[in-house]
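Step one of this worksheet: look at the structure below.
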Amino acid sequence: MFSKQILLVAIGVLAMTLGGCASYRPAPAAFNEAINKPYMLDAGDRIRLTVFEQEGITNTYSVDQAGYISVPLIGSVPARGKTIQQIEADVAAKLRKGYLRDPDVAVEIDRYRPIFVMGEVGAAGQYSYVPGMTAQKAIAAAGGFTPRAQQNDVDITRQFNGESLTGRVTISDQVLPGDTVYVRERFF
(Lines give C-alpha, C1' and ligand atoms only; values in the text may rest on other atoms or scores of the structure.)
Protein backbone atom coordinates (compact mmCIF):
# COMPACT_ATOMS: atom_id res chain seq x y z
CA MET A 1 0.00 0.00 0.00
CA PHE A 2 2.77 2.43 0.99
CA SER A 3 4.81 1.71 -2.17
CA LYS A 4 1.69 2.29 -4.29
CA GLN A 5 1.28 5.77 -2.75
CA ILE A 6 4.95 6.57 -3.39
CA LEU A 7 4.53 5.44 -6.99
CA LEU A 8 1.47 7.68 -7.43
CA VAL A 9 3.32 10.67 -5.93
CA ALA A 10 6.31 10.00 -8.21
CA ILE A 11 4.04 9.86 -11.27
CA GLY A 12 2.36 13.11 -10.17
CA VAL A 13 5.71 14.88 -9.77
CA LEU A 14 6.86 13.57 -13.15
CA ALA A 15 3.63 14.75 -14.80
CA MET A 16 3.99 18.23 -13.29
CA THR A 17 7.62 18.41 -14.41
CA LEU A 18 6.79 17.35 -17.95
CA GLY A 19 3.77 19.67 -17.97
CA GLY A 20 6.11 22.58 -17.23
CA CYS A 21 8.30 21.54 -20.16
CA ALA A 22 5.30 21.46 -22.49
CA SER A 23 4.82 25.21 -22.04
CA TYR A 24 8.42 25.95 -23.04
CA ARG A 25 8.47 27.69 -26.40
CA PRO A 26 11.90 28.23 -27.90
CA ALA A 27 12.14 31.11 -30.35
CA PRO A 28 11.12 30.06 -33.88
CA ALA A 29 13.79 30.34 -36.60
CA ALA A 30 12.02 33.34 -38.18
CA PHE A 31 12.06 35.09 -34.81
CA ASN A 32 15.77 35.92 -34.92
CA GLU A 33 15.75 36.67 -38.66
CA ALA A 34 14.06 40.00 -37.89
CA ILE A 35 17.19 41.21 -36.06
CA ASN A 36 19.34 40.88 -39.19
CA LYS A 37 16.86 42.41 -41.63
CA PRO A 38 16.65 46.12 -42.49
CA TYR A 39 14.42 48.05 -40.09
CA MET A 40 10.80 48.27 -41.22
CA LEU A 41 8.72 51.26 -40.20
CA ASP A 42 5.40 50.88 -38.41
CA ALA A 43 2.86 52.89 -36.43
CA GLY A 44 4.53 54.79 -33.59
CA ASP A 45 7.81 55.45 -35.40
CA ARG A 46 8.81 59.05 -36.09
CA ILE A 47 11.07 59.94 -39.01
CA ARG A 48 13.01 63.05 -39.97
CA LEU A 49 12.38 63.84 -43.65
CA THR A 50 14.82 66.30 -45.25
CA VAL A 51 14.28 67.68 -48.75
CA PHE A 52 17.26 69.84 -49.74
CA GLU A 53 16.33 73.55 -50.02
CA GLN A 54 12.67 72.83 -49.15
CA GLU A 55 12.09 74.03 -45.58
CA GLY A 56 8.31 73.69 -45.98
CA ILE A 57 8.61 69.95 -46.49
CA THR A 58 11.61 69.23 -44.27
CA ASN A 59 10.20 68.16 -40.89
CA THR A 60 9.59 65.23 -38.54
CA TYR A 61 6.66 62.98 -39.40
CA SER A 62 5.00 60.29 -37.30
CA VAL A 63 3.76 57.07 -38.84
CA ASP A 64 0.06 57.05 -37.99
CA GLN A 65 -2.05 54.08 -36.91
CA ALA A 66 -2.95 53.33 -40.53
CA GLY A 67 0.77 53.20 -41.46
CA TYR A 68 1.07 56.49 -43.38
CA ILE A 69 2.99 59.75 -43.08
CA SER A 70 1.35 62.95 -44.30
CA VAL A 71 3.74 65.19 -46.26
CA PRO A 72 2.85 68.69 -47.56
CA LEU A 73 2.24 68.89 -51.32
CA ILE A 74 2.16 65.14 -51.90
CA GLY A 75 -0.24 63.98 -49.15
CA SER A 76 -0.22 60.53 -47.58
CA VAL A 77 2.75 58.26 -48.20
CA PRO A 78 2.54 54.59 -47.13
CA ALA A 79 5.26 53.84 -44.59
CA ARG A 80 4.27 50.62 -42.77
CA GLY A 81 6.58 47.76 -43.68
CA LYS A 82 8.98 49.97 -45.63
CA THR A 83 12.63 50.80 -45.01
CA ILE A 84 13.85 54.39 -44.84
CA GLN A 85 15.46 53.96 -48.27
CA GLN A 86 12.09 52.97 -49.74
CA ILE A 87 10.45 56.04 -48.14
CA GLU A 88 13.18 58.27 -49.63
CA ALA A 89 12.47 56.83 -53.09
CA ASP A 90 8.67 57.10 -52.71
CA VAL A 91 8.78 60.73 -51.54
CA ALA A 92 11.25 61.69 -54.29
CA ALA A 93 9.07 60.02 -56.95
CA LYS A 94 5.94 61.84 -55.74
CA LEU A 95 7.77 65.18 -55.60
CA ARG A 96 9.00 64.69 -59.21
CA LYS A 97 5.38 64.52 -60.39
CA GLY A 98 4.83 68.25 -60.85
CA TYR A 99 6.50 69.74 -57.76
CA LEU A 100 10.31 69.52 -57.97
CA ARG A 101 12.55 68.70 -60.91
CA ASP A 102 15.23 66.70 -59.07
CA PRO A 103 14.42 66.41 -55.35
CA ASP A 104 17.22 65.43 -52.98
CA VAL A 105 15.46 63.47 -50.19
CA ALA A 106 16.98 62.02 -47.01
CA VAL A 107 15.15 60.11 -44.27
CA GLU A 108 16.38 59.08 -40.84
CA ILE A 109 14.62 57.61 -37.83
CA ASP A 110 13.97 60.27 -35.23
CA ARG A 111 12.26 58.03 -32.65
CA TYR A 112 11.56 54.30 -32.67
CA ARG A 113 8.21 52.89 -31.55
CA PRO A 114 8.24 51.86 -27.89
CA ILE A 115 8.80 48.45 -26.34
CA PHE A 116 6.66 47.00 -23.58
CA VAL A 117 7.93 45.20 -20.48
CA MET A 118 5.55 43.08 -18.41
CA GLY A 119 5.57 40.50 -15.65
CA GLU A 120 7.96 40.28 -12.73
CA VAL A 121 9.64 43.69 -13.07
CA GLY A 122 9.67 46.73 -10.82
CA ALA A 123 7.50 48.93 -13.06
CA ALA A 124 5.80 47.21 -15.99
CA GLY A 125 4.91 49.52 -18.85
CA GLN A 126 5.92 51.18 -22.10
CA TYR A 127 9.54 52.27 -22.59
CA SER A 128 11.56 54.03 -25.27
CA TYR A 129 13.58 51.78 -27.54
CA VAL A 130 17.31 52.42 -27.95
CA PRO A 131 19.23 50.73 -30.82
CA GLY A 132 21.16 47.72 -29.57
CA MET A 133 18.87 47.25 -26.57
CA THR A 134 18.87 43.78 -25.02
CA ALA A 135 16.16 42.18 -22.91
CA GLN A 136 18.33 42.80 -19.84
CA LYS A 137 18.56 46.53 -20.60
CA ALA A 138 14.80 46.69 -21.17
CA ILE A 139 14.24 45.03 -17.79
CA ALA A 140 16.65 47.50 -16.16
CA ALA A 141 14.64 50.39 -17.66
CA ALA A 142 11.51 48.83 -16.12
CA GLY A 143 12.98 48.87 -12.61
CA GLY A 144 14.79 45.54 -12.68
CA PHE A 145 13.63 42.09 -11.60
CA THR A 146 11.29 41.51 -8.67
CA PRO A 147 12.47 38.99 -6.06
CA ARG A 148 10.19 36.33 -7.63
CA ALA A 149 11.40 36.80 -11.21
CA GLN A 150 12.90 34.11 -13.45
CA GLN A 151 16.19 35.84 -14.30
CA ASN A 152 17.75 33.54 -16.93
CA ASP A 153 15.37 33.92 -19.84
CA VAL A 154 12.29 35.86 -20.93
CA ASP A 155 9.46 35.55 -23.43
CA ILE A 156 9.44 38.09 -26.26
CA THR A 157 6.48 38.69 -28.54
CA ARG A 158 7.39 40.26 -31.88
CA GLN A 159 5.58 41.09 -35.12
CA PHE A 160 7.25 39.49 -38.14
CA ASN A 161 5.79 39.44 -41.66
CA GLY A 162 2.37 40.39 -40.30
CA GLU A 163 2.42 37.53 -37.81
CA SER A 164 2.80 37.68 -34.04
CA LEU A 165 5.56 35.33 -32.83
CA THR A 166 6.47 34.54 -29.22
CA GLY A 167 9.70 32.87 -28.23
CA ARG A 168 11.80 32.25 -25.16
CA VAL A 169 15.24 33.88 -25.32
CA THR A 170 18.10 34.63 -22.95
CA ILE A 171 18.24 38.07 -21.36
CA SER A 172 21.28 38.92 -23.48
CA ASP A 173 19.24 38.66 -26.73
CA GLN A 174 18.34 41.84 -28.61
CA VAL A 175 14.88 43.35 -28.57
CA LEU A 176 13.38 45.30 -31.45
CA PRO A 177 11.03 48.28 -31.49
CA GLY A 178 7.47 47.19 -30.77
CA ASP A 179 8.55 44.02 -28.89
CA THR A 180 6.81 42.92 -25.70
CA VAL A 181 9.17 41.47 -23.09
CA TYR A 182 7.52 39.22 -20.49
CA VAL A 183 9.43 38.21 -17.34
CA ARG A 184 7.97 35.02 -15.83
CA GLU A 185 7.74 34.11 -12.17
CA ARG A 186 10.22 31.44 -11.03
CA PHE A 187 8.94 28.20 -9.53
CA PHE A 188 10.98 28.31 -6.32
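The values are calculated or read from the model by the stated rules, or taken from the named source; none is laboratory data. These numbers come from a predicted model, not from an experiment. Counting neighbours? That spans all protein chains shown, and the Cβs are built from the backbone with ideal geometry, glycine included. For accessibility, only protein heavy atoms count, side chains too; no ligands or nucleic acids. Shrake-Rupley method; radii C 1.70, N 1.55, O 1.52, S 1.80 Å.
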Per-peptide average of other Cβ atoms within 10 Å, ordering 33-39, 137-143 highest first
137-143, 33-39
Return the sequence-ordered ³J(HN,Hα) values of the stretch 66-81 in whole Hz as given by the Karplus equation 6.51 cos²θ - 1.76 cosθ + 1.60 applied to θ = phi - 60°, using x for Gly and Pro.
7, x, 10, 10, 10, 10, x, 6, 9, x, 6, 10, x, 10, 4, x
Short version: ³J(HN,Hα) in whole Hz for each residue of the stretch 51-61, in order, from phi by Karplus 6.51 cos²θ - 1.76 cosθ + 1.60 (θ = phi - 60°), x for Gly and Pro, what are they?
10, 3, 6, 9, 5, x, 9, 5, 5, 9, 10
Looking only at aspartates and glutamates whose Cα falls under 13 Å of Lys82's and that sit 8 or more positions away or on another chain, we get Asp42, Asp45, Asp90, Glu108
Using a 1.4 Å probe over the heavy atoms of the protein chains, calculate the carbon and sulfur portion of the accessible area of the stretch 47-188 as a whole percent.
48 percent
Per-residue accessible area for Arg186 at 1.4 Å probe radius, Å² rounded to 10?
110 Å²
With every protein chain left in place and a probe of 1.4 Å, what is the accessible surface of Met118, to the nearest 10 Å²?
90 Å²
Give, in nm to one decimal, the length gained when the segment between Gln151 and Ala93 is fully stretched (0.36 nm per residue of separation minus the Cα-Cα distance).
15.9 nm
Return one whole number: the accessible area per residue of the stretch 44-185 in Å², for a 1.4 Å probe.
52 Å²
